[in-house]
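> To start, I am sharing the structure in question, which I have written as structure tokens.
Values in this text are rule-based calculations from the coordinates and carry no lab data. Quick caveat: nothing in here was measured; it's all calculated off a predicted structure. Quick reminder, even Gly has a Cβ in these numbers, built from the backbone with ideal geometry, and neighbours come from all protein chains shown.
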Amino acid sequence: MTPYARRGVHGQTVETLARRVLSGEIPEGATLDMAALQSELDVSLTALRESLKVLAAKGMVDARQKRGTFVRPRANWNLLDADVLRWQFSESNGSGADLALLRNLGEVRGIIEPAAVRLAATRRDDADLEALEAALAAMGEEGSASHAVESDLAFHRALLTATHNELLERMEMVIESGLAQRDQIVHSAPHSEDPVPSHRAVLDAVRDRDPDAAEHAMRALLDQAMRDLDKVSGPHGAERADGSAEAKDGQAK
């Protein structure tokens, strides 16, 4: 999916407004000053309204007569929307906030992917195996961090496709946002662990049509993924993510 920032003035306006809301610069409940925004962003009122329609569709803003356009409570935001996830990571700047979000997404993956891989093991066809093999081969090639990220995304995308369940396939939009961010952090670090063996175990079980082995291999892969993130994020990364850093530091003194 092409980021909104690459879609001209409209897209850039969407991204700017979204990031201000997500960062709290425009807080929940605030009413937007349309005239001030139009002047500051140097866009027409029509363009501004069209951009706000995008955020309204994602549950972030709403409009009422006599009140105008305002930011809705976070509880109403579509946090699983791929754009909203990407914007949140963009605003977190590597803080504990994005680690917490990554762990939340890791828990979601832990629910979805082991069950999905069981279906893949019973429903996969030759084309699915070819896609998985191609992704695994790319994963084993020397390359940049972005290459490693893309090959990992391709593998997990192919697994969801192999379920032959249209709704599960759509879950790639949720999984990919968190997976791409985790991969970027992990693969950019020196001496990151070779991801091929754990992914090979998943593929072998899917090829053998063994759902139990496939689920076991996927759970092992996801556990390793979180260990890798903890290793790269530092000794107190996990504590920062769940808000317990202060307690942990106190115990260490």
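> Kindly rank 156-162, 46-52 from highest to lowest mean number of other beta carbons found within 10 Å of each residue.
Per-residue Cβ counts within 10 Å, averaged per peptide and sorted highest first, yield 156-162, 46-52.
> Okay, next question. Less than 17 Å from a label point 7 Å out along the Cα-to-Cβ axis of Thr31: which backbone N atoms in the range 57-76 qualify, by residue?
Only 61-73 pass the distance filter.
> Once amide H atoms are placed 1.01 Å from N in the peptide plane, what residues at a sequence separation of 5 or more from Ala30, or on another chain, have their amide H within under 5 Å of its amide H?
Under 5 Å from the amide H of Ala30: Val71.
> Which of the three applies to the range 9-83, rounded, prolate or oblate, going by the alpha-carbon gyration tensor with a ≥ b ≥ c and a/c under 1.5 meaning rounded?
It is oblate, given that a/c is not under 1.5 and a/b is not larger than b/c.
> Still on this structure, please answer the following. Out of Ala131, Ala116, Ala154, whose Cα points farthest toward the positive end of the dipole of the range 101-155 (charges: +1 Lys, Arg; -1 Asp, Glu; placed on Cβ)?
Ala116
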